[in-house]
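**Q** Please see the structure below; I have some questions.
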Amino acid sequence: MAQPLVIAVPKGRILSEAVPLLVRAGVEPEAAFSDEDSRALRFATNQPGIDLIRVRAFDVATFVAHGAAQIGIVGSDVLAEFDYPELYAPVDLGIGHCRLSVAEPAEMAAADDPRGWSHVRVATKYPHVTQRHFEARGVQAECVKLNGAMELAPTLGLAPRIVDLVSSGRTLKENGLVEVEVIAEVTSRLIVNRAAFKTRPELVPLVDAFRRAVEKCDAA
């Protein structure tokens with residue numbers, strides 16, 4: 001008997017948007033999957049041949065790239081940061097809308113013009129994307145890698161600017177920061193392990209089901 005297909009789904013903000021999409025694609029998770037207080041990591045679905053795992057967003061790409069999961073949902077920000085050649089991203093799911101932006105303290109921004117930057121020091125969990133962005137502009141970027149609490153970096157003197165995901169901007173505002181430059185618009189994508197896509201024929205109809213689910217949502 002073939003091993004179940006494993007779909008990797010990120011914890012956090014995308015989860016609530018991903019569940020209705022999974023259901024429209026014919027994959028209904030067990031009830032505990034939506035309970036973020038649950039310590040379980042692997043979950044059954046209504047499809048005997050499909051399981052779900054719930055992991056950190058950055059880890060979704062790693063699980064799928066290395067074949068531990070065959071398919072997953074992840075933000076385009078993560079794909080840009082890791083750029084795994086093993087991943088195929090056939091469907092923009094149209095969920096998880098946000099942007100990857102540069103932010104700085106409001107008092108700095110009042111007298112600042114990003115067009116005049118020649119060197120920046122930023123705190124971010126996206127050092128590769130950040131470096132590529134500023135290199136393309138001819139700006140030297142010094143990146144301090146953080147995995148969270150980015151907004152503390154300017155106030156504690158770690159770095160005067162940050163690069164992070166921005167949705168409503170509320171977190172920035174509450175920490176005295178303002179958005180000064182957008183690096184990329186971000187949405188969530190369906191990703192597939194390239195090798196698995198060739199060897200697991202059941203992946204093809206599953207990808208088609210997600211594509212139809214997105215089309216139905218767009219038409220609604």
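**Q** Return yes when residue 153 is small (Gly, Ala, Ser), crowded, with 18+ Cβ neighbours inside 10 Å and closer than 26 Å to residue 117 by Cα and no when it is not.
**A** yes
**Q** Which condition breaks for residue 144 when tested against (1) over 19 Å from the mean Cα position of the chain (by Cα); (2) loosely packed, with under 12 Cβ neighbours inside 10 Å?
**A** Here residue 144 meets the rest and fails (2).
**Q** Within the group 208, 218, 164, which residue is at pLDDT below 95 and acidic (Asp, Glu)?
**A** None of the others qualify; the one that does is 218.
**Q** Can you tell me how many residues within segment 2-29 are farther than 19 Å from residue 205 by Cα and open to solvent by 80 Å² or more (accessible area, probe 1.4 Å)?
**A** Count: 3.
**Q** Could you tell me whether segment 185-196 includes any residue that is closer than 30 Å to residue 68 by Cβ, touching a Ser or Thr at 6+ places or on another chain (Cβ under 7 Å) and surrounded by fewer than 20 Cβ atoms within 10 Å (Cβ to Cβ)?
**A** yes
**Q** Right, here's the next one. So is residue 103 of a type in the set (A, V, I, L, M), in contact with a strand residue (DSSP E or B) (Cβ under 7 Å, 6 or more places away or on another chain) and either more than 29 Å from residue 194 (Cα to Cα) or not in a strand (DSSP E or B) (or both) or not?
**A** Answer is yes for this residue.
**Q** Follow-up question, since we're still on this one. Using the structure shown, decide if residue 34 is open to solvent by 10 Å² or more (accessible area, probe 1.4 Å), at pLDDT below 95 and either small (Gly, Ala, Ser) or closer than 23 Å to residue 198 by Cβ (or both).
**A** When the stated conditions are applied, residue 34 passes them.
**Q** Tally up the residues in segment 106-136 that are under 25 Å from the mean Cα position of the chain (by Cα) and either in a loop (DSSP other than H, G, I, E, B) or surrounded by 14 or more Cβ atoms within 10 Å (Cβ to Cβ) (or both), please.
**A** Of the residues in that region, 14 qualify.
**Q** Scanning for something open to solvent by 40 Å² or more (accessible area, probe 1.4 Å), in contact with a Leu (Cβ under 9 Å, 6 or more places away or on another chain) and free of Cβ contacts under 8 Å to residues at least 60 places away in the same chain, does segment 97-104 turn up at least one residue?
**A** There is no residue in segment 97-104 that is open to solvent by 40 Å² or more (accessible area, probe 1.4 Å), in contact with a Leu (Cβ under 9 Å, 6 or more places away or on another chain) and free of Cβ contacts under 8 Å to residues at least 60 places away in the same chain.
**Q** Specify the residue that is nearest to residue 21 (Cα to Cα); the eligible residues are those in segment 72-93 that are assigned to a loop (DSSP other than H, G, I, E, B) and touching a strand residue (DSSP E or B) at 6+ places or on another chain (Cβ under 7 Å).
**A** Ranking the qualifying residues of segment 72-93, first place goes to 93.
**Q** If residue 92 satisfies every condition in (1) more than 15 Å from the chain's Cα centre (by Cα); (2) open to solvent by 60 Å² or more (accessible area, probe 1.4 Å) but one, which is the exception?
**A** For residue 92, the exception is condition (1).
**Q** If you don't mind, another one. Just to be sure I understand the filter: pairs with C-beta atoms under 7 Å, separated by 6 or more residues or on different chains, first member in segment 77-92 and without any contact (Cβ under 8 Å) to a residue 60 or more places away in the chain, second member outside any helix (DSSP H, G or I) and of a type in the set (Lys, Arg). Which pairs pass?
**A** none
The values are calculated or read from the model by the stated rules, or taken from the named source; none is laboratory data. Bear in mind the structure is a predicted one, so any value in this text is a computation, not a measurement. Glycine also receives a Cβ, built like all others from the backbone with ideal geometry; neighbour counts cover every protein chain displayed. In case anyone asks, the SASA skips ligands and DNA or RNA and just uses the protein heavy atoms, side chains included. Shrake-Rupley method; radii C 1.70, N 1.55, O 1.52, S 1.80 Å.
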